[in-house]
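So the structure is just underneath, and the comments pick up after that.
The values are calculated or read from the model by the stated rules, or taken from the named source; none is laboratory data. As the structure is a prediction and not an experimental result, all values here were calculated from the model. Quick reminder, even Gly has a Cβ in these numbers, built from the backbone with ideal geometry, and neighbours come from all protein chains shown. With ligands, DNA and RNA removed, areas are computed over all heavy atoms of the protein, side chains included. Shrake-Rupley method; radii C 1.70, N 1.55, O 1.52, S 1.80 Å.
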Amino acid sequence: MRLILATISMLAVVAAPSWMLQRSGVTARLRGVSAASDRVVWASGSGNTILRSEDGGATWRTLRSPTTDRLDFRDIDAVTERVAYVLSIGAGSLSRIYKTTDAGATWTLQFANADPDAFLDAMAFWDEFHGIAVSDSVRGAFVIVTTDNGGKTWT
């Protein structure tokens with residue numbers, strides 16, 4: 001019985017989370033974060049802000065925005081160290097999804113919302129090709145779009 005209690009006690013100590021303060025170097029409100037590995041982390045936020053760290057968050061580099069439009073990037077999903085999707089929020093065409101395949105050097109528009117009443121909120125990708133994005137309720141139903149080809153098409 002003592003051995004079991006000692007083992008449980010040790011597991012509790014090992015499993016305790018540890019937090020470290022990270023300094024992004026930006027004043028934007030950061031809203032999204034996604035880790036591709038223990039080294040590569042992506043973050044997104046207001047004012048066209050997209051950040052990338054290659055050292056586990058010790059330092060951050062601000063990436064060039066995919067557009068000159070003033071967007072609020074609420075969500076970012078890293079599927080590999082070089083491939084990530086970023087989602088902007090807002091009514092109608094302000095809700096967009098962009099993709100990078102070169103660690104943020106360039107971005108391609110993958111989806112632009114055409115419904116003036118829809119407002120994308122979040123997205124999730126389970127690999128580089130399969131993803132889902134959801135909107136606030138529009139006329140009593142959630143708008144849900146999916147891709148199974150890396151964002152080339154959305155249904």
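The residues of the chain have, on average, 58 Å² of accessible surface per residue, using a 1.4 Å probe with all protein chains present.
Here the label points at residue 122 and residue 144, each 7 Å from Cα along the C-beta direction, are separated by 1.3 nm in the simple model.
Annotation: residue 29 carries an accessible surface of approximately 150 Å², with a 1.4 Å probe and no ligand, DNA or RNA atoms counted.
Under 11 Å from the Cβ of residue 79, count the other residues' Cβ atoms, weight Lys and Arg +1, Asp and Glu -1, and hand me the total.
Details: positive: 82, 99; negative: 77, 81, 127, 128.
That works out to -2.
With Cα Rg over 2.2 N^0.38 Å as the read-out, I listed [x] 0.99; [y] 1.10; [z] 1.24; which label goes with the value calculated from this structure? Entry [z]. When 97, 144 are compared by accessible surface with a 1.4 Å probe, the order from highest to lowest is 144, 97. Hydrodynamic radius of the stretch 28-69 by the Kirkwood approach over all distinct alpha-carbon pairs: 10.4 Å.
Whenever you get a sec, line up 111, 73 from highest to lowest accessible area (probe 1.4 Å, protein heavy atoms). Walk me through the numbers on the way to the answer.
Working: 111 35, 73 0 Å².
Ranked list, largest accessible area first: 111, 73.
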